[in-house]
Amino acid sequence: MEILDQLQNLDLKPSEAKTFLAILEIGPASISDIAKRAKIKRPTTYYLIEELIKRGLVLKVPAGKRVFYKTIAPKQILNLLEKKKHNFEKILPNLEALFLAKPSQPKVRFFEGKEGLKNIYEEMLNTTKKVYSIFSFDDFLTVFTEKENEQFFEIIKKAGGVIYDLIKPTPLAKKSVKEEIYRKGVTKIKFLPADFKVSIDQLVSGNKVAIISFKSLAGVIIEDQNIADSQKELIKYLWRSIK
């Protein structure tokens, strides 16, 4: 049983392994004898032997009008494997080139809890680039305090970035924007249309898109230039359309 298992590791199907082992044990042998030894039906045995011949593991032995079959010497199997390895190594550089040439997949990271959302803000705001945001201030305050909001703005202020904020137009948001001195110099603000429904924060900067759900206390950062550029264009279009 152990030999059969090892033969299957050579990329042989179970029935092919049984047929090969039967021929090895009694060969040169006829189809009938091999079928009996392997306990496989004769028509199936004939097909399996043909497959083994194609693989170079079994040879035909003519004997007058009859044909017998035998396996190659076990050591020759090792030579076949070495030859396959050598042939594969020759095309390996081309395969590697094709693998590296394919477009990279987006990198997606998930965050949970208040600390996770804080990590998202710290990463997205620590940039010298422009940050584009669609934002619900009221929902933000269900998780963070005004003081924490000020600390987030200090991050981008020190980094030298600028936020283009599209904010849900609630009385609390308008009052806060008017009073928040720390926003000056780092934020450009427009209020979304009154019928625009938003309860999350979406930030886009560089090759990253962050989406934060305050209700679920969960968020995600997607790193992909194509996705980031598309989301950025959507927010910029909204920005231009709001007077």
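Looking at Phe111, Phe137, which is the one that is touching a strand residue (DSSP E or B) at 6+ places or on another chain (Cβ under 9 Å) and over 25 Å from Val177 (Cα atoms)? First the steps, then the outcome.
On the way: Phe137 fails: over 25 Å from Val177 (Cα atoms).
Within the list Phe111, Phe137, the selection yields Phe111.
What number goes with the only condition from (1) exposed (fewer than 15 other Cβ atoms within 10 Å of the Cβ); (2) touching an Asp or Glu at 6+ places or on another chain (Cβ under 7 Å) that Leu48 does not pass?
The single condition Leu48 does not satisfy is (1).
Considering every residue within segment 202-216, establish whether at least one is out of contact with any Gly (no Cβ under 9 Å at 6 or more places or on another chain), touching a residue at least 60 places away in the same chain (Cβ under 8 Å), more than 15 Å from Glu123 (Cα to Cα) and in the same structural domain as Glu150 (by TED's automatic domain parsing). Talk me through it step by step, then tell me what you get.
Taking segment 202-216 first, the residues out of contact with any Gly (no Cβ under 9 Å at 6 or more places or on another chain) are 202-204, 206-209, 214-216.
Still in the running and touching a residue at least 60 places away in the same chain (Cβ under 8 Å): 202-204, 206, 208, 214-215.
Narrowing further to those that are more than 15 Å from Glu123 (Cα to Cα): 214-215.
Within this subset, residues satisfying the condition of being in the same structural domain as Glu150 (by TED's automatic domain parsing) are 214-215.
Scanning segment 202-216 turns up at least one residue that is out of contact with any Gly (no Cβ under 9 Å at 6 or more places or on another chain), touching a residue at least 60 places away in the same chain (Cβ under 8 Å), more than 15 Å from Glu123 (Cα to Cα) and in the same structural domain as Glu150 (by TED's automatic domain parsing).
Condition (residue is in a helix (DSSP H, G or I) and assigned by TED's automatic domain parsing to the domain that holds Ser216) applied to segment 42-57: is it met by at least one residue? Write out each step before concluding.
The initial filter retains those residues of segment 42-57 that are in a helix (DSSP H, G or I), namely 42-54.
Checking which are assigned by TED's automatic domain parsing to the domain that holds Ser216 leaves us with none.
Scanning segment 42-57, I find no residue that is in a helix (DSSP H, G or I) and assigned by TED's automatic domain parsing to the domain that holds Ser216, so the answer is no.
Being outside any helix (DSSP H, G or I) and out of contact with any Lys or Arg (no Cβ under 9 Å at 6 or more places or on another chain) is true for just one of Val131, Val143. Which residue is that?
On the way: Val143 fails: out of contact with any Lys or Arg (no Cβ under 9 Å at 6 or more places or on another chain).
Exactly one residue qualifies, and that residue is Val131.
So, in segment 51-68, exactly how many residues are surrounded by 13 or more Cβ atoms within 10 Å (Cβ to Cβ) and within 18 Å of Leu10 (Cβ to Cβ)?
Matching residues across segment 51-68 total 8.
Residue by residue, here is whether (1) small (Gly, Ala, Ser); (2) surrounded by 13 or more Cβ atoms within 10 Å (Cβ to Cβ); (3) assigned by TED's automatic domain parsing to the domain that holds Ile227 holds:
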residue	(1), (2), (3)
Phe99	no, no, no
Leu117	no, yes, yes
Thr127	no, yes, yes
Ile134	no, yes, yes
Thr145	no, no, yes
Phe153	no, yes, yes
Lys168	no, yes, yes
Lys174	no, yes, yes
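The values are calculated or read from the model by the stated rules, or taken from the named source; none is laboratory data. Note that the structure is a prediction, hence the values are computed from the model and not measured. Backbone-built Cβ (ideal geometry, glycine too); neighbour counts: all protein chains shown.
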